[in-house]
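*Asks:* Here it is: the structure, laid out below.
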Amino acid sequence: MTRLAGSTAGPRVVLLIAAVVAGCSPAPVSPPPSPTTTRTIGLTTRVPPYAGAPAVRDPLPSTVLSGHPCATALTPVQVKQILGMEAAGKPDRNEPAGPTCLWEDPVTARMVRVGFATTHRQGLSAIYPAPSPDEGRVWRELMVGGFPAVATAEDLEWSCTVMVGLADDAAVGVALIGRVGDTRDVCAAAGQAAELVVATLRKQVGR
């Protein structure tokens, strides 16, 4: 299902801080985060799926995200297929949501970024509920490799993130940054990149 509500390079984050408990006004929403950033749930833990996120009917085992995406998410051939050139993965050590890796074409600055959302273990629920049309974001619910996913973007011609739920409490984020060929829809290309990531992860766990 496609719902045009604008676009984003990553999921929204809702910050609930002590000021709320003290009766102060809620803190402002932070800038758009990276692909795997999950929202803070507040003072209680909620068991996914929730907030309208779909359940994963045939989940992969928890070990599927036990490695680092630089080593387990994409093969060299797949990276070349996405970027059009060979590139070595570089870990993003500043990503708090989980292990993250990026591959970049230094000439075009086109980049693919893969993150394992393992810190909070909220799966797709971390980016739900879906935004309202008034928020001006692209929100597309789709299937990737047989798993529920959401493509989000703010600049549809430049960047898009696809979050794929591999289990109710496990998700992988695949972001594509930079125009791919003559396409005006980077989310379509990001979805194809996500298909490659999911195929590689499934193979590693014998699925």
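*Asks:* Mind checking the dipole of segment 92-171: about its Cα centre, +1 per Lys or Arg Cβ, -1 per Asp or Glu Cβ, Debye to the nearest 20? Provide the component values of the computation, followed by the final result.
*Replies:* Details: 6 positive and 12 negative charges, 45 e Å.
The calculation lands at about 220 debye.
*Asks:* Also, I was wondering about something else. Can you tell me the Rg and the Dmax, both Å, for the Cα atoms in segment 109-207?
*Replies:* For segment 109-207, the Cα radius of gyration and maximum Cα-Cα distance read 13.2, 43 Å.
*Asks:* Right, next: Protein chains only, probe 1.4 Å: how do 93, 57, 46 rank by accessible area, largest first? Before the final figure, lay out each step's value.
*Replies:* Details: 93 195, 57 230, 46 115 Å².
Ranking 93, 57, 46 by accessible area, largest first, yields 57, 93, 46.
*Asks:* Need the full-extension length gain, residue 50 to residue 204, defined as separation in residues times 0.36 nm minus the C-alpha distance. One decimal, nm.
*Replies:* Values: separation 154, 0.36 × 154 = 55.44 nm, distance 2.83 nm.
Taking 0.36 nm per residue and subtracting the Cα distance, the gain is 52.6 nm.
*Asks:* Could you work out what % of the accessible surface of segment 66-207 is carbon and sulfur, using a 1.4 angstrom probe and leaving DNA, RNA and ligands out of the count? The partial results should precede the final answer.
*Replies:* Values: 3150 of 6000 Å².
Ligands and nucleic acids excluded, carbon and sulfur give 52 percent.
*Asks:* Which whole-number percent gives the relative contact order of segment 110-182, counting Cα pairs below 8 Å spaced six or more residues apart? It would help to have the intermediate numbers written out before the result.
*Replies:* On the way: 139 pairs, mean separation 28.9, N = 73.
40 percent.
*Asks:* For segment 90-166, restrict the atom set to alpha-carbon positions and state the Rg and Dmax in Å.
*Replies:* Using the Cα atoms of segment 90-166, the pair Rg, Dmax is 13.7, 38 Å.
*Asks:* Okay, next question. Place +1 on the Cβ of every Lys and Arg and -1 on the Cβ of every Asp and Glu in segment 65-207, take the dipole about the Cα centre, and give the residue among 78, 205, 164 whose Cα lies farthest towards its positive end.
*Replies:* 205
The values are calculated or read from the model by the stated rules, or taken from the named source; none is laboratory data. All values reported here derive from a predicted model rather than from experimental measurement. Cβ sites come from the backbone with ideal geometry, for glycine too, and all protein chains shown count toward neighbours. When the accessible area is computed, the model is the full protein with side chains, heavy atoms only, and any ligands, DNA or RNA have been set aside. Shrake-Rupley method; radii C 1.70, N 1.55, O 1.52, S 1.80 Å.
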